[in-house]
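A quick write-up on the structure given underneath.
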Amino acid sequence: MHARDLITPGVPPLRPDDPVGRALDWMEEFKVRHLPVVEQRRLVGMVHDNALVDRNDLKAAVSTVMDDVEVPFVRDGQHVYDVMKLMSERGLTIIPVLDMNGAYLGSVNEHEALHTLAEITNIHEPGSIVVLEMLQSDYSLEKLARIVEENDAKVLSAYGRSVPGTSLLEITLKLNKEDISSILRSFERHDIAVRNTFQGSKFHTDLRERYDELMRFINM
(Lines give C-alpha, C1' and ligand atoms only; values in the text may rest on other atoms or scores of the structure.)
Protein backbone atom coordinates (compact mmCIF):
# COMPACT_ATOMS: atom_id res chain seq x y z
CA MET A 1 0.00 0.00 0.00
CA HIS A 2 1.53 3.29 -1.14
CA ALA A 3 0.89 6.94 -0.35
CA ARG A 4 -0.85 7.45 -3.70
CA ASP A 5 -3.43 4.82 -2.67
CA LEU A 6 -4.25 6.73 0.54
CA ILE A 7 -4.98 10.14 -0.99
CA THR A 8 -8.18 11.47 0.57
CA PRO A 9 -10.62 12.69 -2.10
CA GLY A 10 -12.52 15.90 -1.51
CA VAL A 11 -9.98 17.69 0.69
CA PRO A 12 -8.77 20.64 -1.40
CA PRO A 13 -5.48 22.46 -0.83
CA LEU A 14 -5.37 26.16 -0.05
CA ARG A 15 -3.93 28.79 -2.35
CA PRO A 16 -1.50 31.38 -0.94
CA ASP A 17 -4.03 34.19 -1.41
CA ASP A 18 -6.94 32.32 0.22
CA PRO A 19 -8.21 34.09 3.36
CA VAL A 20 -7.58 32.76 6.84
CA GLY A 21 -11.34 32.46 7.34
CA ARG A 22 -11.62 29.97 4.48
CA ALA A 23 -8.77 27.91 5.90
CA LEU A 24 -10.47 27.72 9.30
CA ASP A 25 -13.81 26.78 7.71
CA TRP A 26 -12.18 23.96 5.73
CA MET A 27 -10.35 22.67 8.78
CA GLU A 28 -13.62 22.44 10.65
CA GLU A 29 -15.38 20.82 7.69
CA PHE A 30 -12.71 18.20 7.04
CA LYS A 31 -11.79 17.62 10.72
CA VAL A 32 -8.08 18.43 10.34
CA ARG A 33 -5.70 20.88 12.03
CA HIS A 34 -3.38 21.33 9.05
CA LEU A 35 -3.83 22.13 5.36
CA PRO A 36 -1.32 22.26 2.51
CA VAL A 37 -0.87 25.44 0.48
CA VAL A 38 -0.42 24.83 -3.25
CA GLU A 39 0.29 27.16 -6.16
CA GLN A 40 0.24 25.85 -9.73
CA ARG A 41 0.54 22.23 -8.49
CA ARG A 42 3.58 23.12 -6.37
CA LEU A 43 3.53 22.67 -2.61
CA VAL A 44 4.58 26.04 -1.20
CA GLY A 45 3.64 25.74 2.47
CA MET A 46 1.52 24.33 5.26
CA VAL A 47 -0.83 26.07 7.68
CA HIS A 48 -1.67 25.04 11.25
CA ASP A 49 -4.90 25.97 13.01
CA ASN A 50 -3.06 27.59 15.92
CA ALA A 51 -1.25 29.99 13.59
CA LEU A 52 -4.52 30.90 11.89
CA VAL A 53 -6.27 31.64 15.18
CA ASP A 54 -3.30 33.68 16.41
CA ARG A 55 -3.44 35.76 13.22
CA ASN A 56 -6.85 37.02 14.37
CA ASP A 57 -7.67 38.42 10.91
CA LEU A 58 -10.07 36.28 8.88
CA LYS A 59 -9.44 38.29 5.71
CA ALA A 60 -5.64 38.02 5.80
CA ALA A 61 -4.02 35.73 3.22
CA VAL A 62 -2.85 32.34 4.47
CA SER A 63 0.56 33.10 2.94
CA THR A 64 1.13 35.48 5.85
CA VAL A 65 0.96 32.65 8.41
CA MET A 66 1.99 29.51 6.55
CA ASP A 67 5.14 27.51 7.22
CA ASP A 68 7.24 27.56 4.06
CA VAL A 69 10.46 26.03 5.37
CA GLU A 70 10.93 22.25 5.60
CA VAL A 71 7.32 21.62 4.62
CA PRO A 72 6.55 17.92 5.33
CA PHE A 73 5.46 15.68 2.46
CA VAL A 74 5.73 12.13 1.13
CA ARG A 75 6.31 10.87 -2.39
CA ASP A 76 3.51 8.97 -4.07
CA GLY A 77 5.45 5.68 -4.05
CA GLN A 78 6.27 5.66 -0.33
CA HIS A 79 4.76 2.99 1.92
CA VAL A 80 1.90 3.64 4.34
CA TYR A 81 4.39 3.07 7.17
CA ASP A 82 6.39 6.07 5.95
CA VAL A 83 3.21 8.14 5.98
CA MET A 84 2.36 7.08 9.54
CA LYS A 85 5.94 7.65 10.72
CA LEU A 86 6.04 11.23 9.43
CA MET A 87 2.56 11.96 10.78
CA SER A 88 3.60 10.69 14.21
CA GLU A 89 6.96 12.49 14.28
CA ARG A 90 5.50 15.84 13.20
CA GLY A 91 2.10 15.59 14.89
CA LEU A 92 0.27 16.05 11.58
CA THR A 93 -3.40 15.48 10.82
CA ILE A 94 -2.82 15.70 7.08
CA ILE A 95 0.21 15.17 4.86
CA PRO A 96 0.75 16.25 1.23
CA VAL A 97 1.64 13.70 -1.45
CA LEU A 98 3.95 14.69 -4.34
CA ASP A 99 5.01 12.81 -7.44
CA MET A 100 8.66 12.28 -8.35
CA ASN A 101 8.69 15.61 -10.22
CA GLY A 102 7.43 17.51 -7.18
CA ALA A 103 3.89 18.04 -8.45
CA TYR A 104 1.14 18.02 -5.81
CA LEU A 105 -1.17 15.00 -6.17
CA GLY A 106 -3.34 15.34 -3.07
CA SER A 107 -3.14 14.70 0.63
CA VAL A 108 -3.67 11.93 3.18
CA ASN A 109 -5.53 12.65 6.40
CA GLU A 110 -5.02 10.75 9.64
CA HIS A 111 -8.40 9.02 9.40
CA GLU A 112 -7.49 7.40 6.06
CA ALA A 113 -4.02 6.47 7.28
CA LEU A 114 -5.38 4.81 10.44
CA HIS A 115 -8.07 3.00 8.46
CA THR A 116 -5.47 1.60 6.07
CA LEU A 117 -3.15 0.61 8.94
CA ALA A 118 -6.05 -1.27 10.53
CA GLU A 119 -6.55 -3.16 7.27
CA ILE A 120 -2.85 -4.02 6.96
CA THR A 121 -2.68 -5.34 10.52
CA ASN A 122 -6.00 -7.24 10.15
CA ILE A 123 -7.38 -5.54 13.23
CA HIS A 124 -10.96 -6.51 12.30
CA GLU A 125 -10.21 -10.20 11.75
CA PRO A 126 -11.16 -12.59 14.56
CA GLY A 127 -8.32 -14.38 16.30
CA SER A 128 -5.71 -13.74 18.97
CA ILE A 129 -2.61 -11.69 19.64
CA VAL A 130 0.63 -13.00 21.13
CA VAL A 131 3.46 -10.79 22.38
CA LEU A 132 6.86 -12.51 22.37
CA GLU A 133 10.27 -11.42 23.58
CA MET A 134 13.64 -12.68 22.37
CA LEU A 135 17.19 -11.65 21.61
CA GLN A 136 17.44 -9.75 18.36
CA SER A 137 20.02 -12.27 17.17
CA ASP A 138 17.50 -15.10 17.70
CA TYR A 139 14.66 -13.52 15.75
CA SER A 140 13.37 -15.46 12.75
CA LEU A 141 9.89 -14.76 11.40
CA GLU A 142 10.13 -17.95 9.36
CA LYS A 143 10.64 -19.97 12.55
CA LEU A 144 7.77 -18.27 14.37
CA ALA A 145 5.42 -18.75 11.42
CA ARG A 146 6.39 -22.42 11.18
CA ILE A 147 5.56 -22.99 14.87
CA VAL A 148 2.19 -21.30 14.38
CA GLU A 149 1.39 -23.24 11.20
CA GLU A 150 2.35 -26.57 12.83
CA ASN A 151 -0.55 -25.86 15.19
CA ASP A 152 -3.07 -25.32 12.37
CA ALA A 153 -3.03 -21.51 12.49
CA LYS A 154 -1.72 -18.64 10.37
CA VAL A 155 0.11 -15.39 11.12
CA LEU A 156 -2.13 -12.58 9.84
CA SER A 157 0.33 -9.81 10.69
CA ALA A 158 3.54 -9.29 12.63
CA TYR A 159 5.50 -6.31 13.85
CA GLY A 160 8.44 -5.80 16.19
CA ARG A 161 10.14 -3.17 18.27
CA SER A 162 13.45 -3.03 20.09
CA VAL A 163 13.18 -2.98 23.89
CA PRO A 164 14.97 0.24 24.94
CA GLY A 165 18.31 -0.25 26.66
CA THR A 166 18.51 -3.96 25.84
CA SER A 167 19.37 -6.31 22.99
CA LEU A 168 15.84 -7.72 23.12
CA LEU A 169 13.13 -7.59 20.50
CA GLU A 170 9.40 -7.56 21.25
CA ILE A 171 7.38 -9.31 18.54
CA THR A 172 3.60 -9.00 18.27
CA LEU A 173 1.79 -11.62 16.20
CA LYS A 174 -1.86 -11.47 15.10
CA LEU A 175 -3.09 -15.05 14.62
CA ASN A 176 -6.27 -16.32 12.97
CA LYS A 177 -7.07 -18.73 15.79
CA GLU A 178 -8.88 -18.02 19.06
CA ASP A 179 -7.75 -21.06 21.06
CA ILE A 180 -3.95 -20.76 20.96
CA SER A 181 -3.08 -22.93 23.96
CA SER A 182 -1.20 -25.44 21.77
CA ILE A 183 0.75 -22.62 20.10
CA LEU A 184 1.77 -21.20 23.48
CA ARG A 185 3.02 -24.62 24.57
CA SER A 186 5.04 -24.88 21.37
CA PHE A 187 6.65 -21.49 21.99
CA GLU A 188 7.54 -22.67 25.50
CA ARG A 189 9.16 -25.84 24.14
CA HIS A 190 11.29 -23.69 21.81
CA ASP A 191 12.34 -21.44 24.75
CA ILE A 192 10.51 -18.44 23.26
CA ALA A 193 9.24 -16.15 26.00
CA VAL A 194 5.55 -15.23 25.81
CA ARG A 195 5.04 -11.87 27.50
CA ASN A 196 1.33 -11.38 26.88
CA THR A 197 -1.66 -12.86 25.08
CA PHE A 198 -5.05 -11.52 24.05
CA GLN A 199 -7.32 -14.36 23.04
CA GLY A 200 -10.75 -15.01 21.66
CA SER A 201 -13.81 -13.25 20.34
CA LYS A 202 -14.27 -11.01 23.39
CA PHE A 203 -10.86 -9.44 22.84
CA HIS A 204 -11.63 -9.00 19.15
CA THR A 205 -14.93 -7.28 19.97
CA ASP A 206 -13.24 -4.96 22.48
CA LEU A 207 -10.50 -4.11 19.99
CA ARG A 208 -13.05 -3.39 17.26
CA GLU A 209 -15.06 -1.17 19.60
CA ARG A 210 -11.96 0.80 20.64
CA TYR A 211 -10.98 1.29 17.00
CA ASP A 212 -14.51 2.49 16.15
CA GLU A 213 -14.42 4.89 19.11
CA LEU A 214 -11.11 6.31 17.87
CA MET A 215 -12.58 6.83 14.39
CA ARG A 216 -15.62 8.58 15.86
CA PHE A 217 -13.35 10.83 17.95
CA ILE A 218 -11.31 11.81 14.89
CA ASN A 219 -14.52 12.61 12.99
CA MET A 220 -15.93 14.85 15.74
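The values are calculated or read from the model by the stated rules, or taken from the named source; none is laboratory data. What you see is a predicted model, and the numbers here were worked out from it, not measured in a lab. Positions of Cβ are backbone-derived with ideal geometry, glycine not excepted, and every protein chain shown enters the neighbour counts.
Numerical summary
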| item | result |
| --- | --- |
| Counted residues, segment 3-31 - those being modelled with pLDDT of 90 or more and among the aliphatic types (A, V, I, L, M) | 5 |
| Qualifying residue in segment 93-111 (condition: more than 30 Å from Phe187 (Cα to Cα), touching a residue at least 60 places away in the same chain (Cβ under 8 Å) and out of contact with any strand residue (DSSP E or B) (no Cβ under 9 Å at 6 or more places or on another chain)) | yes |
| Some residue of segment 101-114 being in a strand (DSSP E or B) and among the aromatic types (Phe, Trp, Tyr) | yes |
| Residue check, Leu24 touching a helix residue (DSSP H, G or I) at 6+ places or on another chain (Cβ under 7 Å) and either among the hydrophobic types (A, V, I, L, M, F, W, C) or in a helix (DSSP H, G or I) (or both) | yes |
| Candidate set from segment 153-178 (those that are part of a loop (DSSP other than H, G, I, E, B) and either touching a helix residue (DSSP H, G or I) at 6+ places or on another chain (Cβ under 8 Å) or outside the structural domain of Ser128 (by TED's automatic domain parsing) (or both)); member that is surrounded by the most Cβ atoms within 10 Å (Cβ to Cβ) | Ala153 |
| Hits in segment 6-25 (condition: of a type in the set (Asp, Glu) and either touching a residue at least 12 places away in the same chain (Cβ under 8 Å) or surrounded by 18 or more Cβ atoms within 10 Å (Cβ to Cβ) (or both)) | Asp17, Asp18 |
| All positions within segment 38-58 that are in contact with a helix residue (DSSP H, G or I) (Cβ under 6 Å, 6 or more places away or on another chain), modelled with pLDDT of 85 or more, crowded, with 17+ Cβ neighbours inside 10 Å and farther than 20 Å from Gly102 by Cβ | Leu52 |
| Scan of segment 65-78 for residues that are touching a residue at least 12 places away in the same chain (Cβ under 8 Å) and either surrounded by 14 or more Cβ atoms within 10 Å (Cβ to Cβ) or aliphatic (A, V, I, L, M) (or both), ordered by number | Val65, Met66, Asp67, Val71, Pro72, Phe73, Val74, Arg75, Asp76, Gln78 |
| Leading residue by the ranking (farthest from Lys31 (Cα to Cα)) among those in segment 61-89 that are at pLDDT below 90 and in a strand (DSSP E or B) | His79 |
| Among residues of segment 28-39, those that are more than 18 Å from Arg90 (Cα to Cα) and either touching a residue at least 12 places away in the same chain (Cβ under 8 Å) or touching a Phe, Trp or Tyr at 6+ places or on another chain (Cβ under 9 Å) (or both), counted | 3 |
| Ala113, sole failed condition from (1) surrounded by 18 or more Cβ atoms within 10 Å (Cβ to Cβ); (2) at pLDDT 85 or above | (2) |
| Residue among Leu98, Leu144, Leu135, Leu92 that is surrounded by 17 or more Cβ atoms within 10 Å (Cβ to Cβ), assigned by TED's automatic domain parsing to the domain that holds Glu170 and either modelled with pLDDT of 90 or more or under 24 Å from Pro9 (Cα atoms) (or both) | Leu144 |
